[in-house]
Each structure stands twice: as structure tokens, then as C-alpha cells.
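The values are calculated or read from the model by the stated rules, or taken from the named source; none is laboratory data. Given the structure is predicted, the values throughout are model-derived calculations rather than measurements. Neighbour counts run over all protein chains shown; Cβ positions are idealised from the backbone, glycine included. In case anyone asks, the SASA skips ligands and DNA or RNA and just uses the protein heavy atoms, side chains included. Shrake-Rupley method; radii C 1.70, N 1.55, O 1.52, S 1.80 Å.
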Amino acid sequence: MHLLDVAALGREGLEAILALSEAPDLGRPLAGQGVALVFQKPSARTRNSMEMAVVQLGGHPVYIQKDEVGLGVRESAEDVVRTLACYHAVVAARVKDHRDLERMAAVSPRPVLNMLSDRSHPLQALADLLTVKQLRGTVAGARIAYLGDGDNNVCRSLAEASLLLGAELTVASPQGYALTGVDGVRQTADPAEAVEGADFVYTDVWVSMGQDGEAEARTAALAPYQVDAALMARCPGARFLHCLPARRGEEVTDAVIEGPRSAVWRQAENRMHTARGALAWLMGARA
Ligand code: CP
Ligand code: NVA
């Protein structure tokens with residue numbers, strides 16, 4: 001069993017992980033075992049939430065920076081994962097190219113966990129939906145408006161999770177930045193239309209890690225999708241969500257992210273609870 005994408009979990013798997021994430025005591029399924037955390041890109045939330053989740057489950061996290069294993073450079077993705085699987089119960093990786101995760105999962109005798117790729121960010125979507133559940137009571141029927149770069153990892157995983165649990169996601173993005181690869185999500189170019197009646201307004205950076213060369217073009221195209229006070233005034237009941245890190249003054253204003261409707265710190269905390277739920281699930285726990 002691997003966790004590369006939310007869609008592959010199915011509704012049952014996703015609900016099980018969310019339930020495990022809120023369980024008061026999952027025991028020590030990782031007692032005496034390691035979890036490898038391979039990072040090809042920087043991280044604050046994912047590294048720290050995963051390390052603490054491993055500790056809470058009785059295990060030992062090993063943080064591995066990009067040059068140490070040299071995924072695909074010093075050794076092939078296959079040889080890296082087969083080596084790490086000799087020592088660790090789970091091999092988790094943040095990669096530039098999603099295909100490296102697929103190559104690892106194809107040969108790994110241990111679960112492989114996606115900690116963000118160019119395609120998806122399933123651990124983020126788990127925390128996002130747990131936050132929606134906690135703030136609204138249920139996920140089914142929740143109206144979520146995602147504004148900005150629709151064709152990104154966070155949006156794609158949010159869309160997959162929303163479809164599985166019956167949340168109504170609307171993605172608002174300009175031409176060339178629409179969500180791809182997920183069918184059944186409402187898409188529009190109009191940010192005002194997207195937030196109408198929304199329970200949650202979500203955004204992510206306009207320039208993701210590795211896209212710095214496109215920064216100017218992206219910032220120009222996505223500027224009309226900034227989440228500011230005027231936009232939030234169109235949906236008075238909505239809470240604000242962001243995976244973080246945020247570029248204040250770009251995709252979101254200070255007033256919104258610091259405002260009373262912002263739930264970004266609860267979302268960040270939920271990264272640890274859902275990491276714990278996901279790891280327990282990969283170790284065989286079922287809700
Ligand atoms: N949201 C998120 O994944 O943050 P990091 O990049 O800091 O891990
Ligand atoms: N879309 C962002 C998410 C960071 C958590 C990126 O890939 O940089």
C-alpha cells in the first residue's frame with residue numbers, strides 16, 4: 001500500500017485516514033522502526049509535522065536532504081528506495097518529478113508516501129479536509145472556492161479529496177492555469193463568481209517551488225485572483241484557507257490572512273494530525 005495520490009485512496013481510505021487523524025491514541029505502530037523523509041525541495045510544515053507524527057507513533061524519523069541520497073543523480077530512484085526500505089517502515093519523499101515516486105512505489109517492499117510532487121500534495125489535502133470537517137461539521141456539501149493557480153499540486157489534491165467526500169469545489173483561474181487531470185470540478189475564470197456562497201476560500205502561491213523562471217508571467221496572469229478584503233466581503237460566511245507558505249501581498253493580503261476568518265494555523269496544525277493518521281493507515285491501522 002502506497003500513498004501517492006488522494007484519488008487512489010478511494011472514499012473509504014480517505015475517510016479512514018481522517019478518522020485516524022482525530023483518534024486520541026493510535027498506540028505505537030512504528031515502535032522500534034524508522035521512517036525515511038527524503039526532500040528534494042525545502043519544507044517547514046511537512047518536515048516538522050511528519051517528524052513529530054513519527055515520534056508520536058513510537059518511531060524514529062530520518063531527515064534526508066536532496067544531496068545526501070541524490071535521487072536520480074547519485075543513484076536511481078529504484079535503488080534509493082530499495083536501500084531505504086532495508087532500514088525504514090515507510091519511505092516518504094518530496095520530489096520534483098512525480099514519476100520518481102511512481103518508480104519508487106513500483107519496486108518498494110515498503111509503503112511510499114508522497115510529501116509533495118509537481119503533480120500532487122496528498123498530505124496537504126488531508127489536512128485541508130480535516131480542517132473543513134472541524135469548522136463546518138461535515139465535508140459533504142461544503143462549498144470551497146479555490147482561486148489562482150489551478151494547475152498545481154495543492155489544487156489537484158484538494159480537488160481529488162473534494163470529489164471523494166462530496167465537497168463542492170469551484171476553481172477560479174485565468175486561461176492557461178486551469179486545473180487539469182481531474183474531471184468533475186467546476187471551473188471558471190471569474191473570482192467573484194467562484195466565491196459566491198462559499199464556505200471556504202482557498203489559495204496557494206502563484207509561483208510554486210521550481211517555477212521561479214516563470215515568476216513574472218505568473219504574477220501578471222494571476223494578479224486578478226488575489227484574495228483580498230473586497231473579495232472576502234462577497235462571501236461573509238466564508239473562512240480563509242492557505243496551505244502555506246504564503247506570499248503576502250501576492251495571492252493573499254495581510255488583512256485576510258491575519259483576519260478573524262483565517263483558519264491557516266489550524267490547517268498547519270492539522271498537518272501533524274493527518275500525517276499521524278496517514279502513517280498509521282500505511283502501517284495497517286483502520287478506523
Ligand atoms: N504546506 C506545506 O507543504 O508546507 P511546506 O512546504 O513548508 O512543507
Ligand atoms: N504549490 C506550492 C505548495 C507548497 C506547499 C509549491 O509546490 O511550491
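Summary of values
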| quantity | calculated |
| --- | --- |
| Residue list for the range 125-142, filter: over 16 Å from TRP281 (Cα atoms) and in contact with a helix residue (DSSP H, G or I) (Cβ under 9 Å, 6 or more places away or on another chain) | ASP128, LEU129, THR131, VAL132, LYS133, GLN134, LEU135, THR138, VAL139, ALA140, ALA142 |
| Residues (of a type in the set (A, V, I, L, M) and either surrounded by fewer than 21 Cβ atoms within 10 Å (Cβ to Cβ) or part of a loop (DSSP other than H, G, I, E, B) (or both)) located in the range 164-191 | LEU164, LEU165, ALA167, ALA178, LEU179, VAL182, VAL185, ALA189 |
| Residue match in the range 225-235 (condition: in a strand (DSSP E or B) and within 16 Å of ligand 2 (Cβ to nearest atom)) | yes |
| Where PRO236 falls short, out of the listed (1) over 22 Å from the mean Cα position of the chain (by Cα); (2) open to solvent by less than 40 Å² (accessible area, probe 1.4 Å) | (2) |
| Exclusive hit being within 23 Å of GLY210 (Cβ to Cβ) and open to solvent by less than 10 Å² (accessible area, probe 1.4 Å), set LEU129, LEU123, LEU57 | LEU123 |
| One residue from GLU12, GLU51, GLU75 being under 30 Å from SER162 (Cβ atoms), exposed (fewer than 15 other Cβ atoms within 10 Å of the Cβ) and free of Cβ contacts under 8 Å to residues at least 24 places away in the same chain | GLU12 |
| From the options ARG11, ARG45, ARG28, residue that is under 14 Å from the mean Cα position of the chain (by Cα), basic (Lys, Arg) and at pLDDT 95 or above | ARG45 |
| Criterion: farther than 22 Å from GLN124 by Cα and more than 16 Å from ligand 1 (Cβ to nearest atom) - qualifying residue of ARG218, ARG261, ARG239 | ARG218 |
| Residues being away from ligand 1 (no atom under 16 Å from the Cβ) and in a helix (DSSP H, G or I) - total across the range 41-89 | 13 |
| Residues located in the range 129-163, provided they are basic (Lys, Arg) and either assigned to a strand (DSSP E or B) or more than 16 Å from ligand 1 (Cβ to nearest atom) (or both) | LYS133, ARG136, ARG143 |
| Matching entry among ARG266, ARG218, ARG271 (being in a helix (DSSP H, G or I), farther than 30 Å from GLN56 by Cα and not aliphatic (A, V, I, L, M)) | ARG218 |
